[in-house]
Structure formats: structure tokens, C-alpha cells
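For reference, the structure is listed below as C-alpha cells.
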């Protein structure tokens, strides 16, 4: 984006001023990686790629920290802000919906105050289904409620030296998945081909699947436990498992009592 050059099939019509706020690597190591990448790019991004060298220690979840990022972005006249990774920009419980909703509001304030696009790098849960992209984020689903675009980078197979990039857009249809390969010499990714689209429709889960999930776990589970068991057993999405639990309750196949789901006596 900073160079305004096309990469892995994404057209960039003009260079954009990009401010990188990264917390993973010591600054000298991060700069050395940028220098390696510059060899294959040339000076095209020199005046448009900026790094916040004082980002570490500032938290979006605190007013002073949010102000730091706003001031840094405004000083850089940034058109794009990259926060990598998200968990280093806050000190909240990522599973707490209220705390994450407040963090999302801070991200929106950063966007609105700077008029810049905000790119957030975040980790995913340990176990995700093929259908999940934006909802694959680790922690509260509040993070899935505010983004316009989600990209999920995964390794399809440990045996293959490729990564798969999948897309989800809030206001348009997703692009086809893409397979990427990293060149270790210049640290640039190249597009190898379009990834095959999985021929998996949403898995229909019957009430019998719900009762079977209960019977294999002692006949009594909390909602989240039952939902997870159904997802593992049928390889369905979270939403499909939720609908199946609701249908099974309406049919009387399972009973909800005192926060637990059980089989009828």
C-alpha cells in the first residue's frame, strides 16, 4: 500500500501513507526485516511507510494510550493504521464482551479522529470451522461486530509450504480464497493460485445429533459445552449448533433446566 504497487493480485491505485504500530519484534529486528523487503521493492515506499517507534506501552483501553495513537497518526498524516497484534494494545479480558465492546469503541474513535483505515492483526481460536472467518477471532464476538473487512490467513496443510488467505466483507460478496507462498529471501508473499473452494454447505444438524451429543457426555451439559460438542461431532458452524439446540428444545428432545441441558427422564 505504501508503495502503490500491485501485490498478490491486489491493485493499489496510488501510494498510501501507512503507519505501522507493531509490538511483536524489537525495533531493530523489525527495521532489519523492512530493509530486506526494500531490496525487492526499491525506494517506492520510503516516504509513505512510517513506524511508530514509541507504540510499546500505550494501551487503546486507556484514554492516554488512545490519545497517543491519535496524535501519532495525525503527525504522520496516516491514511492507514496497522495495529499488530491487537492483544498488545489493551489490558482487558478478551472473553469479556463488555470489555471488548469498549475496546471496539476505542478503535472506532481512532478511525474517526484520524480519518484513516484501521487494520487490526489478531489471533484466532485454537479450533475453528471452515466456514468461520471474521467469527474465528479469539475472545468475545464483539470484535466481529465492528469490522468492514476480514481476512483469515491459515495453513491448509502442515506438509505444504503455502498459506491460504480467505475473505469476508460486510457489504459485498467475498473474493475467492488465494494460496500464498513466502519467498524467504525477500520476505514477500506471492500468489501461487486461487485456492479450491471447499464444497461444503452449511451442515444440517438434526435433533438426534443434539441428543447424541448429550448422551455421550453423561446426559447433562451447559449450553456452551453442548454447543461445542455438537460442533465437534457434526463439523457444523456455531450458528448451526445454536439453531439445532433451539429446535431440539422445542421438540422436547432435550430439556433446559437450571442452566443445564439434559435428556428427558
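The values are calculated or read from the model by the stated rules, or taken from the named source; none is laboratory data. Because the structure is a prediction, the values reported are computed rather than measured. Ideal geometry is used to build each Cβ from the backbone, glycine not excepted, and the neighbour counts take in all protein chains shown.
Structure notes:
- From 138, 98, residue being in the same structural domain as residue 30 (by TED's automatic domain parsing), farther than 26 Å from residue 229 by Cβ and either within 17 Å of the chain's Cα centre (by Cα) or surrounded by fewer than 19 Cβ atoms within 10 Å (Cβ to Cβ) (or both): 98
- Some residue of region 70-77 being free of Cβ contacts under 8 Å to residues at least 24 places away in the same chain, assigned by TED's automatic domain parsing to the domain that holds residue 119 and either closer than 28 Å to residue 181 by Cβ or in contact with a strand residue (DSSP E or B) (Cβ under 7 Å, 6 or more places away or on another chain) (or both): no
- Residue list for region 10-30, restricted to those being farther than 21 Å from residue 185 by Cβ and surrounded by 12 or more Cβ atoms within 10 Å (Cβ to Cβ): 12, 15, 16, 17, 18, 19, 20, 21, 22, 23, 27
Residues are listed down the side, and each one gets a yes or a no for (1) part of a helix (DSSP H, G or I); (2) modelled with pLDDT of 80 or more; (3) surrounded by fewer than 18 Cβ atoms within 10 Å (Cβ to Cβ):
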site: 192; (1), (2), (3): no, yes, yes
site: 231; (1), (2), (3): yes, yes, no
site: 241; (1), (2), (3): yes, yes, no
site: 265; (1), (2), (3): no, no, yes
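Listed here are the residues, each with its yes/no results for (1) surrounded by 17 or more Cβ atoms within 10 Å (Cβ to Cβ); (2) over 22 Å from residue 147 (Cα atoms).
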| residue | (1), (2) |
| --- | --- |
| 32 | no, yes |
| 35 | no, yes |
| 40 | no, yes |
| 65 | yes, no |
| 87 | no, no |
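- Residue selected from region 141-164 under the condition surrounded by 16 or more Cβ atoms within 10 Å (Cβ to Cβ) and in contact (Cβ under 8 Å) with a residue 40 or more places away in the chain, by the criterion nearest to the chain's Cα centre (by Cα): 143
- Test result for residue 59, buried (at least 17 other Cβ atoms within 10 Å of the Cβ), assigned to a strand (DSSP E or B) and in the same structural domain as residue 119 (by TED's automatic domain parsing): no
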